[in-house]
Amino acid sequence: MTSTHFERFLVEAVTTDRESESGLTADELYGLYTSWCLINLLQPEPPRELWEALRAQRIDPGNNNLAMTGAAATDYILASAPDLV
């Protein structure tokens with residue numbers, strides 16, 4: 001994953017501006033990432049690549065204060081809970 005690719009994902013799909021009791025789980029982060037890739041017509045990198053990129057940004061995939069935002073968040077939520085539609 002290029003740093004531009006990863007940086008763009010962080011800017012467009014996650015935020016720390018919202019109060020979040022527990023942040024995103026690793027599964028949620030990867031699901032959000034794959035939704036973001038789908039929307040942007042990009043091939044998702046394997047989970048280990050995402051975890052390495054997150055750690056390089058000092059983000060712990062299993063313990064963070066991130067929240068979803070943007071179009072990828074909507075896509076991920078709707079794909080995860082189709083009964084909401």
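The values are calculated or read from the model by the stated rules, or taken from the named source; none is laboratory data. This is a predicted model, so every value here is computed, not measured. So basically every Cβ, Gly included, is an ideal-geometry build from the backbone, and we count neighbours across all protein chains shown.
Among residues of segment 71-81 being within 19 Å of SER22 (Cα to Cα) and either in contact with a strand residue (DSSP E or B) (Cβ under 8 Å, 6 or more places away or on another chain) or of a type in the set (A, V, I, L, M) (or both), the one that is surrounded by the fewest Cβ atoms within 10 Å (Cβ to Cβ) is ILE77. Residue count for segment 57-70, restricted to those that are loosely packed, with under 15 Cβ neighbours inside 10 Å and either among the basic types (Lys, Arg) or without any contact (Cβ under 8 Å) to a residue 40 or more places away in the chain (or both): 3.
One residue stands out in segment 31-66 among those that are at pLDDT 95 or above and of a type in the set (Gly, Ala, Ser): the one that is nearest to HIS5 (Cα to Cα), namely SER35.
Looking for whichever is loosely packed, with under 14 Cβ neighbours inside 10 Å and of a type outside the set (S, T, N, Q) here; the options are LEU41, LEU54. Which one fits? Don't jump to the end; show me each part of the working.
Values: LEU54 fails: loosely packed, with under 14 Cβ neighbours inside 10 Å.
The match here is LEU41.
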